[in-house]
Amino acid sequence: MPWKTALSAISLWLLCGCTVGPNYQRPKLTTPAQFRAPEPLPVQQAASIADSKWFEIFQDEQLQALVRTALMQNYDLRDAAARVEEARANLGITRSNQFPQFGASGGVDINRLSRDGATPIPPALLPSQNRNFGSASLNLLSFEVDLWGKLRRATEAARANLLSAEENRKTVITTLVSDVATAYLSLRELDYELEISRRTLETRQQSLDLVMSRQTGGVATLLDRRQAEQLVDTAAQTIPVIQQQMEQTENQIRLLLGEPPGGVPRGRSLTEQALPPEVPAGLPSALLERRPDIQASEQNLIAANAEIGVARAAYFPQLSLSGFLGGQSTQLANLFSGPASAWTLAPQLSQPIFTAGRLKSNVRLTEAQREEALIQYEKTIQTAFSEVSNSLIAHQRTRESREKQEALVFALQDRLRLAYIRYRGGVDTQLDALDADRDLFAAELSLSQIRLGELLTVVQLYKALGGGWQ
């Protein structure tokens, strides 16, 4: 009965205990009415490209296969998943401190006393030489009664750390999808550059053959031949450079896949990669809920806020309980009988009196850490808005640049055609044809890179808006 009374008192203490420290409240933040972009965006634009699944954005089947492999094997993502499990286990450990913990113990002492020892014992007083002593108990291990909410605040912080680890895992997924798409599209752009270089080399070799034929006929000079050879060598020189970049990009992709260096299978060509007809950004306020790095930063703030309560609770008395309930008897058969029962409850109250400023400094430390977490939270939000704006600007400006570059390439192609017609007809010198050839080659390579840039702006915008982890 006294034991039940003690347990009831413990329960009452647990229920009535207060919680010191500030309760978390989300900081008031001012979000812009719309994202900054060169072209005005609709004010009420609820839909966002980030609401789409990654395989709806990247429609190249081979790219999709690479992303799926990366999501299963990437080292950073596996590490992030392990950190989630670590945080989950830490939460279980921290939360267990809120509850009483019990252990069982038992033992038997078997003794035989000597009748002929240094102090002889009369047989009448020692009917039997065998003396057994047994005990069994349920022990209440040292348990801190959470009067001031220190343990609850610690659990709150551990839970926030778990949620932060989970959001960090989503951030890794978003980054991984973006990195694989970026590397793959860069590889397809290098493939396209290699195709341009080889086509240009073939065309220039044909022009060199023409010049050599005209030189044999006395129409072209040795200078014309050397200029044509220069163009051939220039185009040939670019091929191994592009091949080096391709092989290194393949190794980069294989590392993202968690695989050893090697080749990467191709899917659609650069010009066949589909772009979404529209790239809506959505409402700025929705960005706070969609981007996992913002969510992780807020959970870090929640954890830092809870740690203040843990530090402040150290100022107050600490009540700890220990005890046991069981039986002790020299007769094992009577171990659990009423007369053999035994119990004890040992409350212990401790109060810090002088700590040389340690407790105060610890509170100041946690308050400074909370301020640091708040600054990082605000910075993460502003960085997110900046990244979205930069991506929108890059997408629109790169699209304009690509349209202008396509017009330039078309004009240079026609110029090259006309220059060689005039050169073959003897109306113009070879110099104009060679200049047109050089300009076209550079413009085509530039167009290829601009096309890649336009594709990558979609990838960057998708990532900046928090897409890819769904």
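Each value in this text was obtained by applying a stated rule to the coordinates, not by laboratory testing. None of these values were measured; they are calculated from a predicted model. Ideal geometry is used to build each Cβ from the backbone, glycine not excepted, and the neighbour counts take in all protein chains shown.
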Review point. ³J(HN,Hα) across region 460-468 via Karplus (A = 6.51, B = -1.76, C = 1.60, θ = phi - 60°), whole Hz, x for Gly/Pro?
Key: 5, 5, 4, 5, 5, 7, x, x, x
Revision key, fill the gap. Residue-ordered couplings for region 158-166, obtained by feeding phi - 60° into the Karplus form 6.51 cos²θ - 1.76 cosθ + 1.60 and rounding to whole Hz (Gly and Pro as x), are 5, 5, 5, 5, 5, 5, 5, 5, 5
Review point. What pairs in Lys170/Lys379; Lys404/Lys463; Lys379/Lys463 have C-alpha atoms more than 23 Å from each other?
Key: Lys404/Lys463
Study note, to complete from the structure: Note to self: C-alpha centroids of region 364-439 and region 141-203 sit apart, in Å, by 27
Practice item. Counting helices only, and only those DSSP H runs with n ≥ 4, report the 222 nm mean residue ellipticity of the chain as the sum of -39,500 (n - 2.57) divided by its residues, in deg cm²/dmol to the nearest 500. Key: -22000 deg cm²/dmol
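For region 300-439, what value does the Rg/Rh ratio take when both radii are computed over Cα atoms and Rh is the Kirkwood radius, given to two decimals?
Ratio of gyration radius to Kirkwood radius: 1.69.
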Check your understanding: Using 1/(1 + (r/R0)^6) with R0 = 60 angstrom and r between the beta carbons of Gln98 and Leu255, what's the FRET efficiency to the nearest 0.05?
Key -> 0.85
Point to revise | Environment charge at Thr31 (Cβ cut-off 13 Å; Lys +1, Arg +1, Asp -1, Glu -1) | key: +3
**Study point:** Size of electric dipole in region 212-300: Cβ of Lys, Arg +1 and of Asp, Glu -1, about Cα centre, debye, nearest 20
**Key:** 360
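First select every other residue whose beta carbon is under 11 angstrom from the beta carbon of Trp469; then total the charges, Lys and Arg +1, Asp and Glu -1.
Numbers: positive: Lys53, Arg169, Lys170, Arg290, Arg291, Lys463; negative: Glu166, Glu167, Asp293.
Here the charged neighbours net out to +3.
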**Study point:** In sequence order, calculated HN-Hα J values of region 446-451 (Karplus, 6.51, -1.76, 1.60; Hz; x Gly/Pro)
**Key:** 5, 5, 4, 5, 5, 4
Practice item. Among Gly309, Tyr24, Leu431, flag the residue with its Cα farthest along the positive direction of the charge dipole of the chain, charges on Cβ as +1 for Lys/Arg and -1 for Asp/Glu. Key: Gly309
Check your understanding: Once amide H atoms are placed 1.01 Å from N in the peptide plane, what residues at a sequence separation of 5 or more from Gly323, or on another chain, have their amide H within under 5 Å of its amide H?
Key -> Leu140, Ala346
Practice item. Towards the positive end of the charge dipole of the chain, with charges on Cβ (+1 Lys, Arg; -1 Asp, Glu), say which of Ala157, Ser186, Gly466 has the farthest Cα. Key: Ala157
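Run the dipole for region 156-281 about the Cα centre, Lys and Arg Cβ at +1, Asp and Glu Cβ at -1, nothing else charged, and hand back the magnitude in debye, nearest 20.
Around 240 debye, computed over region 156-281.
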Practice item. Using the charge dipole of region 222-271 (Lys, Arg: +1 at Cβ; Asp, Glu: -1 at Cβ; taken about the Cα centre), state which of Thr271, Gln243, Leu231 has its Cα farthest towards the positive end. Key: Thr271
